[in-house]
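The values are calculated or read from the model by the stated rules, or taken from the named source; none is laboratory data. Treat the numbers as computed from the prediction; the structure is a model and nothing was measured. Every residue, glycine as well, gets a Cβ built from its backbone with ideal geometry; the counts of neighbours run over all protein chains shown. Each accessible area value is taken on the protein alone, full model and side chains, heavy atoms only, with ligands, DNA and RNA left out. Shrake-Rupley method; radii C 1.70, N 1.55, O 1.52, S 1.80 Å.
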Amino acid sequence: MKPAPFEYVAPTSIADVLSHLVAGGGEAKILAGGQSLVPAMNFRLARPTSLIDINRVKELRSVTVDAGGVTVGALVRHDELQRNTIAGTLGSLLSEVAGWVGHLPVRTRGTIGGSLAHADPAAEWGVVAVALDAVLKVVGPGGKREIPAREFFRSVFVTSLESDELITGVRFPRLSADIRFGFREFSRRAGDFALVAVLAVVSRGSRGTVDSARIALGGVASTPLRAAQAEALLCSGRIVDETLLREAADAAAADIRPPADIHATSEFRRKLVRNLVFDTLTRAALLD
Amino acid sequence: MKHEVSLEVNGESKRIAVEPRKTLADALREDCGLTGTHLGCEHGVCGACTVLLDDEPIRSCLLFAVQCEGRAIRTVEGLATEEGLHPVQEAFSRHHGLQCGFCTPGFLMLATWIAEQDDIPSEEKLRDQLSSNLCRCTGYQNIEAAVRETVERMHEDRSS
């Protein structure tokens, strides 16, 4: 199907983007990579009256490193992150996860900012943002603000962005060299949105225990969320072995009320969580 | 209201006037008369619309023509030259990498990009790359063989 008619502008500055957003009165949409928006428009599920193409706003493409973290510009493409140009453990994590987003020709255009703004609960970047307690950098007519990832995602396709606001970037904290991570997602066809996605990020203690653990789940609720019970269990001072990891995986699966839909039953999603949490924790907490 | 767009298609300058909602795929097909780029799903899943935008593979059904001002697009029509078929076309012919041909332009452009990259992909990586596109006829093995041959031949041609 073909999209409904709309007006098109391609500003080159954030200030111009914002004035177009305000002028659009809530009916204007930002066009970044278009890999989620344009399919919706082709189905006529989305009918914005105007599209504000932000691809010419150069400052949205930058990657800035500071003492404690890295701010990835909203317009950075998935394949740019996949090519691992950011140093350290964080760069490796972003690179590995990026490869799971859609397919190659989707990754050349799709952007991290667009994915976060679209807020599909199964999307990889949402899981990463919630796992690492990333901070979304947002700008609007009222000025700049910063939104922690866990406050940013409200529901399926719903975030705390106002209709006149733009994501400029997302800041991830630096990950020290002793951090290990594991990421897995499952879908019936390669490249589809995940039924369940899991990111486990673990800092191991010196005595075979776990100092800190972060486990984020996608696809099991209306937003990505953290498996708090599983994290607490891992950090309770027990030596890491397969039994502990299985208990943590069980805790993660018990902690959720996954939806049932045409793609999978609740029970199937629960089983996926159990298996994928065990797999990712094995990678992050047990293996070298 | 129509916007004027100047773009380069297969090395030729084109100037078209299109509504903003016209996708690149439709602009290539209708305004440039290049119907080699096919529409299978119009939501980015099938890959039949794959073309190269500034030498990168993209879904032309998910891009509007107005976004392509000043950009260089390569479609399947640009593969063959006066000297003959492109190596990827010869390989697909030799390995029977097509039956109905509907998915073929998308695969040819994807394969061309793969073969133009510096590294030679492993079997696993090549399958991951080719999984970007759907084919209902062939079962993929002949496509994989054709692309493997294309990659080897084009790397050889570049190093000799």
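Numerical summary
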| item | result |
| --- | --- |
| Sequence-distant lysines (8 or more away, or on other chains) whose Cα lies within less than 23 Å of A:K137 | A:K29, A:K58 |
| 11 Å beta-carbon shell around A:S95, net charge (K/R +1, D/E -1) | -2 |
| Cut-off 15 Å between beta-carbons: net charge of the residues surrounding A:P224, Lys and Arg +1, Asp and Glu -1 | 0 |
| Chain B - percent of accessible surface contributed by carbon and sulfur, probe 1.4 Å | 45 |
| R0 of 35 Å, Cβ-Cβ distance B:S131-A:E27: FRET efficiency to nearest 0.05 | 0.40 |
| Positive minus negative residues near A:V9 (Lys, Arg vs Asp, Glu; Cβ under 13 Å) | -2 |
| For segment A:111-268, average projected area of the Cα convex hull in nm² | 10.3 |
| Whole-Hz ³J(HN,Hα) from phi, Karplus 6.51 cos²θ - 1.76 cosθ + 1.60, for segment A:277-288, glycine and proline x | 5, 4, 4, 5, 5, 4, 5, 8, 10, 10, 7, 8 |
| Residue-span extension gain [A:R154 to A:F268] - 0.36 nm each, minus C-alpha spacing | 38.6 nm |
| Dipole-positive endmost among A:V170, A:T280, A:A67 within chain A (Cβ charges, Cα centre) | A:T280 |
| Potential lengthening between A:E146 and A:E7 on full extension [0.36 nm per residue; Cα-Cα distance subtracted] | 47.0 nm |
| Efficiency of FRET from Cβ geometry, A:R174 and A:R238, R₀ 30 Å, rounded to 0.05 | 0.60 |
| Within chain A, helix-based [θ] at 222 nm, where runs of 4 or more DSSP H residues each add -39,500 (n - 2.57), nearest 500 | -8500 deg cm²/dmol |
| Residue among B:L108, B:L28, B:G40 farthest towards the positive dipole end of segment B:1-108, charges placed on Cβ | B:G40 |
| Total accessible area lost when B and A pair, probe 1.4 Å, Å² to nearest 100 | 2400 |
| Relative contact order of chain A, pairs being alpha-carbon contacts under 8 Å that are 6 or more residues apart, as % | 15 |
| Carbon/sulfur fraction of accessible area - chain A, other protein chains in place, 1.4 Å, % | 51 |
| For A:102-115, mean number of other protein chain Cβ atoms within 10 Å | 6 |
| Relative contact order (%) - criterion: Cα under 8 Å, at least six apart; region: chain B | 23 |
| Spacing of the two label points (7 Å from each Cα toward its C-beta) at B:S159 and A:R257, in nm | 6.0 |
| Rounded accessible area per residue of segment A:142-288, 1.4 Å, Å² | 49 |
| Calculated P(r) tail over 27 Å for the protein assembly as shown, as whole % of Cα pairs | 57 |
| Cα gyration tensor shape of segment A:1-87, rounded if a/c is under 1.5, else prolate or oblate by comparing a/b with b/c | oblate |
| Check: the protein assembly as shown dipole with +1 on Lys, Arg Cβ and -1 on Asp, Glu Cβ, in debye | 1180 |
